[in-house]
Amino acid sequence: MRPGQVLGLVGTNGIRKSTTLKVLAGKLKPNLGRFNAIIKPQYVDYIPKVVQGNVGQVLDQKDERVVKAELCVDLELNQVIDRNVGDLSGGELQRFAIAVVAIQNAEIYMFDEPSSYLDVKQRLKGKGIYVISHPLLTEKTN
């Protein structure tokens, strides 16, 4: 993967896109061969259970790239900056989770189903990115 490149893995349900990402992240061992990775995993479901404090405090603690202000604007987090992480809605929590990952230094960022609110290539200039998603268009339109 080249710096700044975005790699997408798109396919239907059940073809092991997320499993592939877990192998790339080093969370699962591949059936054949070897793969080494250093990761900082984030799972949206668990964030309110393991993260204490408000959105701004957490982002301040994680801001390795000094991009908090920019990410908060881009991900529309300024209106929830003083809110407790456990009080965020699903969409707010998703955007917060993306910010927590993007604010940290890494050579490659991996997102499984990041959905909307994300301009990966612009925000993570010079970094490698893997994105897992379902097909963008599943039916032929007339």
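The values are calculated or read from the model by the stated rules, or taken from the named source; none is laboratory data. Because the structure is a prediction, the values reported are computed rather than measured. Cβ: placed from backbone, ideal geometry, glycine included. Neighbour counts: every protein chain shown.
Quick notes
- Residue list for region 77-96, restricted to those being exposed (fewer than 13 other Cβ atoms within 10 Å of the Cβ), touching a residue at least 24 places away in the same chain (Cβ under 8 Å) and of a type in the set (S, T, N, Q): none
- Scanning region 62-75 for residues that are loosely packed, with under 12 Cβ neighbours inside 10 Å and in a helix (DSSP H, G or I), we see that the one that is modelled with the lowest pLDDT is 73.
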